[in-house]
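S.K.: First, the structure itself, so that you have it in front of you.
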Amino acid sequence: FRETDAPAILVSPRMGTGWDFPYEDCRYQIISKLAFPDTRSNLMKARTEGDKTYAAYLMCQELVQQAGRGVRAVDDYCETLIVDSHCQWAQWKFREFLPEWFREACEESLTVPNPKR
């Protein structure tokens, strides 16, 4: 992707931690699904039995990480569109797991918004 001539679009089922797309590398991204963790392993079963909000906490951390992939500095910008209809519910239900700056930056829209510059 980095060696491709612009304009280029990177399509991936998941881009979370460990990826850095500063400035012109990423001006918009689409998050199609909230990344709830797989809770079928014995370890995750034990963790979620002890804390019913553990999986939601991990999902919120992943969402904030994903949204931050395209904004790497104070003078950088990236529009993030989250098209999973569960997002509005998750923002309300698990708001304590989302940073205030993230909650304030979110805007609900039934149409694609104009880019902010």
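S.K.: Select from the range 11-49 the residues that are open to solvent by 80 Å² or more (accessible area, probe 1.4 Å) and of a type in the set (A, V, I, L, M) and list them in ascending order.
M.R.: Val11, Ile30, Leu43
S.K.: Moving to a separate point now. Just the residues that are open to solvent by less than 50 Å² (accessible area, probe 1.4 Å), part of a loop (DSSP other than H, G, I, E, B) and under 17 Å from Trp19 (Cα atoms), please, taken from the range 51-87.
M.R.: Hits for the range 51-87 are Arg69, Gly70, Ala73, Asp76, Cys78.
S.K.: What single numbered condition from (1) open to solvent by 50 Å² or more (accessible area, probe 1.4 Å); (2) under 20 Å from Pro7 (Cα atoms); (3) not hydroxyl-bearing (Ser, Thr, Tyr) fails to hold for Glu107?
M.R.: So Glu107 meets the others, but not (2).
S.K.: Starting from the range 29-42, take each residue that is free of Cβ contacts under 8 Å to residues at least 40 places away in the same chain and list its partners that are of a type in the set (Gly, Ala, Ser) and open to solvent by less than 80 Å² (accessible area, probe 1.4 Å), counting only C-beta distances under 8 angstrom and pairs at least six apart or across chains.
M.R.: Hits for this filter: Ala35/Gly16; Phe36/Ala55; Phe36/Ala56; Pro37/Ala55; Thr39/Ala55.
S.K.: Among the numbered criteria (1) free of Cβ contacts under 8 Å to residues at least 40 places away in the same chain; (2) in contact with a helix residue (DSSP H, G or I) (Cβ under 6 Å, 6 or more places away or on another chain), which single criterion is violated by Asn114?
M.R.: The one condition Asn114 does not meet is (2).
The values are calculated or read from the model by the stated rules, or taken from the named source; none is laboratory data. None of the values given here were measured: they were computed from a predicted structure. Cβ atoms come from the backbone with ideal geometry, glycine included; neighbour counts cover every protein chain shown. Accessible surface is based on the protein model in full, side chains and every heavy atom, while ligands, DNA and RNA are left aside. Shrake-Rupley method; radii C 1.70, N 1.55, O 1.52, S 1.80 Å.
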